[in-house]
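Enquirer: Could you have a look at this structure, given as structure tokens, before my questions?
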Amino acid sequence: MKKHPGTTVIHNGQIIDGTGAPPIANGVVVIESGVIKYVGPADTAPSVPDDAERINANGGSILPGLVEAHFHATYFNIRALEDLDIKYPVEYVSLLTSVNCRLALECGYTSARSGGCLFNVDVWLKKAIEEDLIPGPRLSTSGREICSAGGLMDWNPDFRKIGMEGLVFIINGTEDARKAVRALVKDGVEWVKTYPTGDAAAPDMNDHHTLCMTFEEMHAVVATAHNHNLKVTGHCRATEGIKNALRAGYDCIEHGTFIDDEGLDLLLERNVPCVPALYFEKASVERGKEFGLSQRVIDGHQETLDGGIESAKRILRAGGRLGMGGDYGFGWNPHGDYARELTFFVKDVGLTPLEVIKCATKTGAEIMGRGDEFGTLEVGKLGDVVVVDGNVIDDISILEERGNFIAVLQGGIVKAGRIAPPFPTIVKEE
Ligand SMILES: [Zn+2]
């Protein structure tokens, strides 16, 4: 991804640097050749060349680019799970992903970690974004997911005579687990996404207290993935599933819904981050009826929501790390609503806006394994910055509205927001 060759000065705004430090009133950020050169009060800001680009924050807020830590580029605001793999062919879904990526950037998300996608779309999406062919967040890829036979993701009945191989590797035992990971290694993904447990979405056979993989399968996934320098994460709701994943050596826990004391100790022992993705549960409860979810499914989401709020609070209060990601891409929880997760964590979970912003920036970048490159406004980091009208500490929901963004920068280049130039059409040369 290209960087801005010159100097950019962002001024007249309060700086929230993403480290959790108190805001700096009337702050200035100077970006030179795409990299942050100064962050601090206007009084002590260095002088810059006359031709420097100036961005006036209008007395609003200047913060690091947001990181969506559980991003499903190929989920196209579906109404039912099976839409994910059989409604549209991969060709059309690929086009939809580029729309989702542009939207994410316009919403202030300069980076995103994939939580699973159709075929190997996110690996190629990342290439197109990195080569500046389409606008979108810097991506960490995960490709297809892994789930055991009969588990949450094995929903196509045998009489349909179609498998799940576009979306998930359905495995039976450790040999299949290794085989699936090796295929992902060849695909070039960075994360292996698995399904240790079920979900409220499948109350009959794979609910949120059901295990969908054995410990041995999960351990085989981790050993094979780590051998090739891939990281492993998993959809973990049930208490035993969370602990199995942590004992197997998982690098991240998605949801961590019903964590107990032992699970919390295991999580903290290796400082494993957790991405609760909770606003999805609230949206499922509030809007489920409208989309035809049964009362049983909605009740399960309510139980998940209550358990998830408790677990997220416990993890953060015990010194653990939370990433902000929201499983966006369902009809009731569509792409573009990403920052609702942040508002939810302030209003419903009780975190402070500074805590939530740190989770959504610094921790997100750490989960991507790129904490030394971006995620905070610090000297030497990439100029991935969002400039937004209004005080996000007083009202974090300002971030939910695309129209509030003055500028969204990647590597010092204004890519979205009110002052953004039209995105240039690039003719790719081979
Ligand atoms: Zn997900």
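The values are calculated or read from the model by the stated rules, or taken from the named source; none is laboratory data. Owing to the predicted nature of the structure, the values given are computational and were not obtained by experimental measurement. Neighbour counts run over all protein chains shown; Cβ positions are idealised from the backbone, glycine included.
Enquirer: Looking at segment 241-270 only, could you name the residues that are within 16 Å of the ligand (Cβ to nearest atom) and either outside the structural domain of Ala220 (by TED's automatic domain parsing) or more than 21 Å from the chain's Cα centre (by Cα) (or both)?
Expert: Residue satisfying the conditions is Gly241 alone.
Enquirer: While we're on this one: Scan segment 353-362 and tell me whether some residue there is of a type in the set (Lys, Arg) and not in a loop (DSSP other than H, G, I, E, B).
Expert: Checked against the condition, which is being of a type in the set (Lys, Arg) and not in a loop (DSSP other than H, G, I, E, B), segment 353-362 yields at least one hit.
Enquirer: Let me ask something else. Pull out all pairs, ordered by first then second residue, where Cβ-Cβ is under 6 Å, the residues are six or more apart or on different chains, the first lies in segment 313-331 and is surrounded by fewer than 24 Cβ atoms within 10 Å (Cβ to Cβ), and the second is charged (D, E, K, R).
Expert: Pairs that qualify, where the first residue is surrounded by fewer than 24 Cβ atoms within 10 Å (Cβ to Cβ) and the partner is charged (D, E, K, R), are Gly331/Arg79.
Enquirer: Something else about it: Answer yes or no: is there a residue in segment 104-113 that is in the same structural domain as Tyr195 (by TED's automatic domain parsing), surrounded by 19 or more Cβ atoms within 10 Å (Cβ to Cβ) and at pLDDT below 95.
Expert: No; the residues of segment 104-113 include none that is in the same structural domain as Tyr195 (by TED's automatic domain parsing), surrounded by 19 or more Cβ atoms within 10 Å (Cβ to Cβ) and at pLDDT below 95.
Enquirer: So Ile86 ticks every box in (1) within 16 Å of the chain's Cα centre (by Cα); (2) more than 16 Å from the ligand (Cβ to nearest atom) but one. Which box is left unticked?
Expert: With (1) within 16 Å of the chain's Cα centre (by Cα); (2) more than 16 Å from the ligand (Cβ to nearest atom) applied to Ile86, the lone miss is (1).
Enquirer: Do any residues in segment 399-427 that are closer than 23 Å to Thr376 by Cβ have Cβ atoms under 7 Å from those of residues that are among the hydroxyl-bearing types (Ser, Thr, Tyr), where the two are at least six apart or on different chains, and which pairs are they?
Expert: Glu400/Thr343; Val408/Thr110; Gln410/Thr110; Gly412/Thr8
Enquirer: Right, another one. Just to be sure before I move on: is Gly308 within 16 Å of the ligand (Cβ to nearest atom), at pLDDT 95 or above and of a type outside the set (Ser, Thr, Tyr) in the structure I sent?
Expert: yes
Enquirer: Could you check Glu68 against (1) within 16 Å of the ligand (Cβ to nearest atom); (2) farther than 22 Å from Gly364 by Cβ and say which number it fails?
Expert: Result: Glu68 fails condition (2) only.
Enquirer: Looking only at residues in segment 271-287 that are crowded, with 24+ Cβ neighbours inside 10 Å and within 16 Å of Gly320 (Cα to Cα), which one is farthest from the ligand (Cβ to nearest atom)?
Expert: Here the answer is Cys274.
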